[in-house]
Amino acid sequence: MKKFILILTLLFCSCGNRTEVDVHPETMKPNWDGIKTEELKFKIGDAVSIFIAKQYYIGIVMDFDQDENGIWYGICLSDYRWVIPNRKEINELNFLGRQIPNGYNGNYIDCYDLTYLNVDTIAKNITVFDNLKIDIDRISIGEISYAKNLKQLENNYFIGREARKEKITESDKAIVTTEPVSERYFKIRNILIN
């Protein structure tokens, strides 16, 4: 019995002193197994201008997916919406994301929310204006949504903006509440290669 208590005590103490080495778990990182990325129209880090209903939106390509309908591009939208494309510097923009609790010690994983567009949807309304050097090991994907057309992407933009108007749940309360508000904005510099 004493050995059991000693082992249990050692386990408890060692667990409390652990530090997180990889704050971006593999299951939350982009995975392109089976996708020939060299043949894709867009590349990871492409800063894109999306034209919908006389407005321009800006996003960053952060992921790819493939199914029977072809290639889907995971785009993280920014808060940019204007009648003139690319009016602001990319580093000034806020990108849709969320924080997901990582353990019980108040740590969080910063995740980017992505909307996936099919290659057939994006033919003429999306243009690349820059390519950012992104560290893929720093990308954690939060919420995923698919848009069959640009109108659905625009709808995801408005839903994302509305969700980020709510008061963010403080980290010490997020563990005990059933519906924490974790949506927030992140700067793109968080995932750029230094």
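The values are calculated or read from the model by the stated rules, or taken from the named source; none is laboratory data. Being a predicted model, the structure only gives us computed values, none of them experimental. Counting neighbours? That spans all protein chains shown, and the Cβs are built from the backbone with ideal geometry, glycine included.
Values as computed for the structure displayed
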item	result
Conditions (1) under 19 Å from Arg189 (Cα atoms); (2) exposed (fewer than 15 other Cβ atoms within 10 Å of the Cβ); (3) of a type in the set (Ser, Thr, Tyr): number failed by Thr37	(1)
Subset of the stretch 57-93 [of a type outside the set (A, V, I, L, M, F, W, C), surrounded by fewer than 21 Cβ atoms within 10 Å (Cβ to Cβ) and within 18 Å of Cys111 (Cβ to Cβ)]	Asp65, Asp79
Tally, over the stretch 66-79, of residues that are at pLDDT below 90 and in a strand (DSSP E or B)	4
Residue match in the stretch 1-18 (condition: out of contact with any Asp or Glu (no Cβ under 8 Å at 6 or more places or on another chain), modelled with pLDDT under 75 and within 20 Å of Asp110 (Cα to Cα))	yes
Count - residues of the stretch 160-188 that are loosely packed, with under 15 Cβ neighbours inside 10 Å, assigned to a helix (DSSP H, G or I) and either acidic (Asp, Glu) or modelled with pLDDT of 90 or more (or both)	2
Strands (runs of 3 or more DSSP E) wholly inside the stretch 94-135 containing at least 3 residues that are surrounded by fewer than 17 Cβ atoms within 10 Å (Cβ to Cβ)	126-131
Residue within the stretch 90-97 that is of a type in the set (S, T, N, Q) and either modelled with pLDDT of 90 or more or touching a helix residue (DSSP H, G or I) at 6+ places or on another chain (Cβ under 8 Å) (or both) present	yes
Hits in the stretch 136-159 - residues which are more than 22 Å from Asn190 (Cα to Cα) and surrounded by 18 or more Cβ atoms within 10 Å (Cβ to Cβ)	Ala147, Leu150, Leu153, Glu154, Asn156
Residue in the stretch 114-126 that is modelled with pLDDT of 90 or more, out of contact with any Phe, Trp or Tyr (no Cβ under 6 Å at 6 or more places or on another chain) and within 18 Å of Glu183 (Cβ to Cβ) present	yes
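Okay, residues lined up against (1) touching a residue at least 24 places away in the same chain (Cβ under 8 Å); (2) more than 20 Å from the chain's Cα centre (by Cα):
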site: Ile58; (1), (2): yes, no
site: Glu68; (1), (2): no, yes
site: Ile71; (1), (2): yes, no
site: Leu77; (1), (2): yes, no
site: Tyr80; (1), (2): yes, no
site: Pro85; (1), (2): yes, yes
site: Asn94; (1), (2): yes, no
